[in-house]
Amino acid sequence: MLYLAARNEHLIDKIIPAIKMKKIVICDRFIDSTLAYQVEGKKVSKKLVDSIHQHILRKIKPDLTFILKVNINKAMKRI
């Protein structure tokens, strides 16, 4: 719930005001990362996450999502 509360605060404080000023908004984590990390990774109920997102996002959704992939061997060398 803390990450969703943080998302809500970020929306209110940063994203919504930027959208109102017609600025381009770039976020490094949003809905897709929540589905990957919490729903798939931590097995949090997708229904719960979707319900909370529906409430806090106020129909705001990304126009474009980039998915960055790296070869596991390269990632391990970087670490």
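Among the residues of segment 12-26, those that are in a helix (DSSP H, G or I) and within 15 Å of the chain's Cα centre (by Cα) comprise Ile12, Lys14, Ile15, Ile16.
Filtered by the rule that a residue be open to solvent by 100 Å² or more (accessible area, probe 1.4 Å), part of a loop (DSSP other than H, G, I, E, B) and of a type in the set (Val, Ile, Thr), segment 67-79 gives Ile67, Ile79. Just one of the numbered conditions (1) acidic (Asp, Glu); (2) surrounded by 10 or more Cβ atoms within 10 Å (Cβ to Cβ); (3) not in a helix (DSSP H, G or I) is not true of Glu9; which one? If we test Glu9 against (1) acidic (Asp, Glu); (2) surrounded by 10 or more Cβ atoms within 10 Å (Cβ to Cβ); (3) not in a helix (DSSP H, G or I), just (3) comes out false. Any residue that is among the hydroxyl-bearing types (Ser, Thr, Tyr), open to solvent by 50 Å² or more (accessible area, probe 1.4 Å) and not in a loop (DSSP other than H, G, I, E, B) - is there at least one of those in segment 53-66? No, because not a single residue in segment 53-66 is among the hydroxyl-bearing types (Ser, Thr, Tyr), open to solvent by 50 Å² or more (accessible area, probe 1.4 Å) and not in a loop (DSSP other than H, G, I, E, B).
Can you tell me which residues in segment 23-42 are without any contact (Cβ under 8 Å) to a residue 24 or more places away in the chain and farther than 16 Å from Leu2 by Cα? Talk me through it step by step, then tell me what you get.
Restricting attention to segment 23-42, the residues satisfying the condition of being without any contact (Cβ under 8 Å) to a residue 24 or more places away in the chain are 23-26, 28-29, 33, 35-37, 39-42.
Selection gives Lys23, Ile24, Val25, Ile26, Asp28, Ala36, Glu40, Gly41.
Residues in segment 28-49 that are open to solvent by 50 Å² or more (accessible area, probe 1.4 Å) and under 12 Å from the mean Cα position of the chain (by Cα): 5 in all.
The values are calculated or read from the model by the stated rules, or taken from the named source; none is laboratory data. Only a predicted model underlies this, so the values are computations on that prediction, with no experimental measurement involved. Cβ sites come from the backbone with ideal geometry, for glycine too, and all protein chains shown count toward neighbours. With ligands, DNA and RNA removed, areas are computed over all heavy atoms of the protein, side chains included. Shrake-Rupley method; radii C 1.70, N 1.55, O 1.52, S 1.80 Å.
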